[in-house]
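Engineer: Handing you a structure now.
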Amino acid sequence: MAFGTVFLTLAACSGSPETSETGSGGTTAATETGTGTTSTSTTAPTTGTTSDATEGETTTTTTGGPDGAMFCEERCMVDADCAIDGDESVVSCKDNRCVYDDRCVIDQDCLFGGPVALRKCASQADCVASVCVDVGGGIGYCALTADDPAFCEIVAEKSMVAMYPPIEGGAAVPVCTFPEFVCKDGECFDPCESDDDCFFRIHPTCDVNTGMCICTSDANCKSDPQFNKSVCIAGECGCGSDADCQGDDFDRCYEGRCGCSSVAACASPPLHDGTIVVCE
């Protein structure tokens with residue numbers, strides 16, 4: 001399997017209902033920091049009835065958020081439901097949601113994958129299109145081989161080539177490392193150091209305290225209409241009304257977050273082989 005396929009598969013799913021953006025240095029603008037203009041948005045009841053894609057099945061759902069927010073999600077029952085084209089090697093079903101093994105816990109989880117936390121390994125068989133290297137104490141990580149250093153820069157601009165021994169023994173091999181990436185809330189990102197690292201118009205300012213790119217005014221958020229986020233709320237652009245949330249998988253604004261009012265708003269097909277799309 002080509003690395004491009006692996007990378008897209010690993011990065012594709014498991015996430016929050018909100019959209020994040022990556023800046024020129026890999027900085028993710030998805031935090032509630034900074035200052036901004038707060039708006040009042042439309043909310044929904046805390047309970048609702050959603051109809052699954054399964055014929056005849058109706059489920060009454062109590063939403064998890066205090067504002068009654070609901071989002072288009074994929075519901076699974078067993079690990080096999082989460083497979084993508086039959087491959088379930090890096091994903092499992094937990095609490096009826098597909099969870100990926102590439103979520104980071106510590107900064108070292110991001111060292112070999114940059115934007116994506118590549119999985120730990122015990123043998124070479126655990127790694128696809130990568131090599132299992134020993135980072136010390138018998139701990140293994142899947143790492144991208146760096147026979148051509150330019151390849152590492154394709155993954156992320158800030159990269160370094162380092163030598164690590166294979167977990168199964170033998171001479172050290174060159175692999176890509178991304179030492180500037182850190183782990184925050186299960187995601188790997190490269191903290192911004194200045195506004196120059198924040199090339200998205202809606203989040204143009206670097207909050208050096210958090211390393212996140214943020215907005216500072218509603219004008220920032222309105223500068224790029226394609227994002228349909230008109231207000232700056234605590235440093236992040238969000239919706240101001242239901243009118244900002246008209247598109248695939250969105251039709252309701254929940255305190256700055258675009259979500260769904262029912263499964264009828266969930267237009268995108270499921271990514272996984274056996275999941276059912278729900279609005280919960």
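The values are calculated or read from the model by the stated rules, or taken from the named source; none is laboratory data. Predicted model, so just to flag it, every value in this text is computed and none were measured. Virtual Cβ from ideal backbone geometry, glycine too; neighbours counted across all protein chains shown. Ligands, DNA and RNA are excluded from the accessible area calculation, which covers all protein heavy atoms including side chains. Shrake-Rupley method; radii C 1.70, N 1.55, O 1.52, S 1.80 Å.
Engineer: Check Cys213, Cys253, Cys188, Cys183 and return the single one that is farther than 24 Å from Tyr100 by Cα and within 17 Å of the chain's Cα centre (by Cα).
Structural biologist: The conditions single out Cys213.
Engineer: Any idea which of Ala243, Ala234 is of a type in the set (A, V, I, L, M), under 28 Å from Asp197 (Cβ atoms) and at pLDDT below 95?
Structural biologist: So the residue among Ala243, Ala234 that is of a type in the set (A, V, I, L, M), under 28 Å from Asp197 (Cβ atoms) and at pLDDT below 95 is Ala234.
Engineer: Is it true that Thr59 is assigned to a strand (DSSP E or B), over 20 Å from Lys120 (Cα atoms), of a type in the set (Val, Ile, Thr) and at pLDDT below 95?
Structural biologist: So Thr59 fits the description; yes.
Engineer: Being touching an Asp or Glu at 6+ places or on another chain (Cβ under 9 Å), in contact (Cβ under 8 Å) with a residue 40 or more places away in the chain and on the phi > 0 side of the Ramachandran plot narrows it down to one of Gly240, Gly274, Gly256, so name that one.
Structural biologist: When all the criteria are applied, what remains is Gly256.
Engineer: Moving on. What's the number of the condition Cys183 fails, among (1) in a loop (DSSP other than H, G, I, E, B); (2) under 22 Å from Val208 (Cβ atoms)?
Structural biologist: Of everything listed in (1) in a loop (DSSP other than H, G, I, E, B); (2) under 22 Å from Val208 (Cβ atoms), Cys183 misses just condition (1).
Engineer: Additional query: Looking only at region 266-280, how many residues end up being in contact with a helix residue (DSSP H, G or I) (Cβ under 8 Å, 6 or more places away or on another chain) and either open to solvent by 20 Å² or more (accessible area, probe 1.4 Å) or under 18 Å from Cys215 (Cβ atoms) (or both)?
Structural biologist: Residues in region 266-280 being in contact with a helix residue (DSSP H, G or I) (Cβ under 8 Å, 6 or more places away or on another chain) and either open to solvent by 20 Å² or more (accessible area, probe 1.4 Å) or under 18 Å from Cys215 (Cβ atoms) (or both): 4 in total.
Engineer: Touching a Phe, Trp or Tyr at 6+ places or on another chain (Cβ under 6 Å), surrounded by 15 or more Cβ atoms within 10 Å (Cβ to Cβ) and closer than 30 Å to Cys245 by Cα: which single residue out of Cys188, Cys213, Cys192, Cys206 fits that description?
Structural biologist: The unique qualifying residue is Cys188.
Engineer: Could you give every pair whose Cβ atoms fall below 8 Å, whose first residue belongs to region 62-86 and is within 13 Å of Val278 (Cα to Cα) and modelled with pLDDT under 85, and whose second residue is among the hydroxyl-bearing types (Ser, Thr, Tyr) and surrounded by fewer than 12 Cβ atoms within 10 Å (Cβ to Cβ), counting only separations of at least 6 or pairs across chains?
Structural biologist: Matching pairs, first to second residue: Thr62/Thr47; Thr63/Thr47.
Engineer: Same structure again: Restricting the search to region 142-189, which residues are hydroxyl-bearing (Ser, Thr, Tyr), over 16 Å from Asp107 (Cα atoms) and at pLDDT below 95?
Structural biologist: Thr145
Engineer: I'd like the full set of residues that are at pLDDT below 90 and on the phi > 0 side of the Ramachandran plot, limited to region 106-141.
Structural biologist: Correct list: Gly114, Ala129, Gly137, Gly138.
Engineer: For region 158-174, check the following and say yes or no: at least one residue is in contact (Cβ under 8 Å) with a residue 60 or more places away in the chain and within 23 Å of the chain's Cα centre (by Cα).
Structural biologist: Yes, region 158-174 has at least one match.
Engineer: Now, a different point. Would you pick out the residues in region 138-189 that are touching a strand residue (DSSP E or B) at 6+ places or on another chain (Cβ under 7 Å), within 11 Å of Gly114 (Cα to Cα) and of a type in the set (Gly, Ala, Ser)?
Structural biologist: Passing the criteria: Ala143, Ser159.
Engineer: Mind checking which residues of region 252-265 are farther than 23 Å from Gly235 by Cα and open to solvent by 20 Å² or more (accessible area, probe 1.4 Å)?
Structural biologist: Matches in region 252-265: Ser261, Ser262, Val263, Ala264.
Engineer: Got at least one residue in region 206-217 being out of contact with any Pro (no Cβ under 9 Å at 6 or more places or on another chain), assigned to a loop (DSSP other than H, G, I, E, B), at negative phi and not polar (S, T, N, Q)?
Structural biologist: Within region 206-217, none of the residues are out of contact with any Pro (no Cβ under 9 Å at 6 or more places or on another chain), assigned to a loop (DSSP other than H, G, I, E, B), at negative phi and not polar (S, T, N, Q).
Engineer: Of all residues in region 248-265, which are touching a helix residue (DSSP H, G or I) at 6+ places or on another chain (Cβ under 9 Å) and either among the hydrophobic types (A, V, I, L, M, F, W, C) or not in a loop (DSSP other than H, G, I, E, B) (or both)?
Structural biologist: Once the filter is applied, which keeps residues that are touching a helix residue (DSSP H, G or I) at 6+ places or on another chain (Cβ under 9 Å) and either among the hydrophobic types (A, V, I, L, M, F, W, C) or not in a loop (DSSP other than H, G, I, E, B) (or both), region 248-265 yields Phe250, Arg252, Cys253, Cys258, Gly259.
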